[in-house]
Amino acid sequence: MNKPSISAGLSRALDWAGLPLSLGLLAIGIRDYRDGASVGRPMGGAVLVLVSLWVVRRGLPHRRARTTVSP
């Protein structure tokens, strides 16, 4: 069994830590927009959420279907 290193675990934790922060910024941007702020605030929050999701997905172990080549 391969045990992941401490630095790999910390890296994964930091990847996941960005997601709730960006969701919070999106919620604040939507609240501010409803109070009369620029539409750029919720759009910026949405971009940050998408980037955070991309970072989390990039770090996930991906399963690839192995194809066997018959002789």
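General observations
- Residue ID - most open to solvent (accessible area, probe 1.4 Å), chosen from residues in region 37-54 that are part of a helix (DSSP H, G or I) and not aliphatic (A, V, I, L, M): TRP54
- Meets criteria (open to solvent by less than 60 Å² (accessible area, probe 1.4 Å) and either modelled with pLDDT under 85 or of a type outside the set (Lys, Arg) (or both)) for ALA65: no
- Condition check for ASP32: modelled with pLDDT of 95 or more and among the acidic types (Asp, Glu): yes
- Residues satisfying the stated conditions in region 1-26, i.e. of a type outside the set (S, T, N, Q) and open to solvent by 60 Å² or more (accessible area, probe 1.4 Å): MET1, LYS3, PRO4, ILE6, LEU10, ARG12, LEU14, TRP16, PRO20, LEU21, LEU23, LEU25
The values are calculated or read from the model by the stated rules, or taken from the named source; none is laboratory data. Computed from a predicted model, the values in this text were never measured in an experiment. We work out accessible area using only protein heavy atoms, side chains counted, and drop any ligands, DNA or RNA first. Shrake-Rupley method; radii C 1.70, N 1.55, O 1.52, S 1.80 Å.
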